[in-house]
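Have a look at the structure below, then the notes.
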Amino acid sequence: MSGFLEFLKALGPMGAFLVALIDGIGLPNPGGPDYLVIFLAWTRPESAYSSGLLAVLGALIGSLVLFWAARKGGERYLDEKASGRRAMKFRRWFAHYGLVTVFIPALIPVVPLPMKVFVLCAGALGVRPWVFLLVMAAGKFPRYLGLAYLGRELGAHSTQWLKDHRWHFAVATLALFAFLFVLVKISDMLRARRTLTQVQ
């Protein structure tokens, strides 16, 4: 596995694309795209943003592949791939909060959230593909371009900076979730009110 990681590093920005693609599909990957984007940004600062953008592209393609696999297989496929106790808990989260559960893990590094389960839920439970892609892009663009900036500016200290600020990320995750949850509830209330007005 370490040999494959070295191969990805040697590929430069295309390595970021490949590891993000692998990660998006939900397969085990060496080190993860976050680490590789940061590493490439500090070792090849001239192509830092190329690495970030290609990581975004790889993540979107990979996630869309997983999304369509779940869409074609339906809920039976979801049951096969995400039926453990922890997975069922996150499936209930998706049922309550919808694409908020996709956006937050797509955006926030460091805080471990099961992106694969939420993507599977989005595909199997009928989310529209273009809406799914927009939500993913809204999370992945700032994430990978931000990591590219971090790697370019802080170099080898980038990963330590992320570790030192992991609690800040955790608090930001909770605050963002609360904010989006309120927006979802307001949207639901407005939709219900419009429906009631039309019926009357």
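Please give the Cα centre distance for the range 11-40 versus the range 54-118, rounded to the nearest Å. Centre-to-centre distance over Cα atoms comes out at 18 Å. Here is how the number arises for the chain: DSSP H runs of 4 or more residues each give -39500 (n - 2.57), the sum is divided by the residue count, and the result at 222 nm is -28000 deg cm²/dmol. Straight Cα distances below 13 angstrom link residue 163 to the aspartates and glutamates 34, with same-chain residues fewer than 8 positions distant left out. Two tests apply to each whole DSSP H helix in the chain, Cα reach of 20 Å or more along its axis and mean Kyte-Doolittle hydropathy of at least 0.5, and the ones passing both are 129-154, 166-199. Rounded to the nearest 20, the Cβ-based charge dipole of the chain about its Cα centre (Lys and Arg +1, Asp and Glu -1) stands at 760 debye.
Potential lengthening of the chain between residue 6 and residue 165 amounts to 54.5 nm, from the contour at 0.36 nm per residue minus the alpha-carbon distance.
Are any of the pairs 81/140; 9/116; 72/140; 89/116 more than 18 Å apart by Cα-Cα distance, and if so, which? Correct reply: 81/140; 9/116; 72/140. Mind running the shape call on the range 1-61? Use the C-alpha gyration tensor, a ≥ b ≥ c as the square roots of the eigenvalues: rounded below 1.5 for a/c, prolate if a/b tops b/c, oblate otherwise. Because a/c hits 1.5 or more and a/b fails to exceed b/c, the range 1-61 counts as oblate. Per the Cα gyration tensor, the chain maps to an equivalent ellipsoid with semi-axes of 32, 20, 15 Å, ordered largest to smallest.
Any read-out appearing in this document is the output of simple, stated calculations on the displayed coordinates, not a laboratory observation. Just so we're clear, the structure is a prediction, and the values are computed from it rather than from any experiment. Quick reminder, even Gly has a Cβ in these numbers, built from the backbone with ideal geometry, and neighbours come from all protein chains shown.
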